[in-house]
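A.B. asks: Take a look at this one; I'll ask things after.
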Amino acid sequence: MENSLLTSLGIDPAYFIILLFLIQVLLFILLISVNMKYNRLKVSYNSFMKGKDGKNLEESILARFAELDEVTELAKKNEQNISDIYKKMKSHYQKIGIVKYDAFHEMGGNLSFALTMLDEEDNGWILNAMHSREGCYTYIKEIVKGQSYIELAEEEVESLERAIYQDAYGLKTDLERGL
C-alpha cells in the first residue's frame, strides 16, 4: 500500500530513500558543526571563569569599572592640560624670520642681520644688528598684528615677511637651513 501511495504520486521509493539519507547526512554534519562551536564556547567560558566563583567575578568586574573610571578622569585631565598648553602657546614666539646682509658694503661678509620673532597673532619684535668696522649698532622695533609703527628698513621688511609667510609658502629661515 505504501508502494502504491508513492507510485500514485509519481515518486520512485528509491529516490525517496536517497533523499532521506541525504537529509540525514546533512543533519549529522550540522550536528558536528554545532558541537564544535559548543566546545569552543565551553573552553572560552572555562578560561574566563578559571579560579573564579560568582563573588570573585563580581569583584573582577567592579575592579575593571574602577579602572575605566580612572582612565576617564585621566583623559579629562589630559584634555584640560592640552587646552592650557594651546592657550599658552599662542603668546609664545612661533614664527621666525632672519635676513643676513652686508650693512655698509665694506666688510665683505654678511655679518649684519635682521631677526623677526612673532607669536601666533603676528605680535613680537624685529632685532636689527648692523656690523661695521667701527662697531655694532643694534635696534629693536615692536611688531603689532604684523605691522610696525616705526618705518622698517628693506632687510627688516624681508625678515618680517619671512616670519609671517613662512608657513603659507613653505619658506625656511636661514636658521632652519643651517646658515
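Every read-out reported here was derived from the displayed coordinates using simple, explicitly stated rules and does not represent laboratory data. Note that the structure is predicted; figures quoted are calculated from it, not measured. Cβ: placed from backbone, ideal geometry, glycine included. Neighbour counts: every protein chain shown.
A.B. asks: So, in nm, how far is label residue 69 from label residue 40 when the simple model puts each one 7 Å beyond its Cα toward the Cβ?
C.D. replies: Between residue 69 and residue 40, the simple spin-label model gives 3.7 nm.
A.B. asks: Before rounding to the nearest 500, sum -39500 (n - 2.57) across all DSSP H runs of length at least 4 in the chain and divide by the residue total; then give [θ] at 222 nm in deg cm²/dmol.
C.D. replies: Numbers: 5 runs with 102 residues, N = 179.
Rounded to the nearest 500, it is -19500 deg cm²/dmol.
A.B. asks: Can you list the residues, at least 5 places off or on another chain, whose amide H is less than 5 Å from the amide H of residue 125, using H built in the peptide plane?
C.D. replies: 117, 143
A.B. asks: Can you figure out the FRET efficiency of residue 120 with residue 29, using R₀ = 45 Å and their beta-carbon distance, to the nearest 0.05?
C.D. replies: It comes to 0.05.
A.B. asks: Check the stretch 35-146 and count each lysine pair with an alpha-carbon distance under 21 angstrom, considering only pairs eight or more places apart or from different chains.
C.D. replies: Value for the stretch 35-146: 17.
A.B. asks: Top mean-square fluctuation among 45, 149, 165, Gaussian network model of the chain, C-alpha springs under 10 Å?
C.D. replies: Of 45, 149, 165, the Gaussian network model singles out 45 as fluctuating most.
A.B. asks: Translational diffusion coefficient of the chain at 10 °C, 1.306 mPa s, Stokes-Einstein with Kirkwood Rh over Cα pairs, in µm²/s as a whole number.
C.D. replies: Numbers: Rh = 25.0 Å.
Translational diffusion coefficient: 63 µm²/s.
A.B. asks: Which length gain, in nm to one decimal place, applies between residue 62 and residue 85 when the Cα-Cα distance is subtracted from 0.36 nm times their residue separation?
C.D. replies: 4.8 nm
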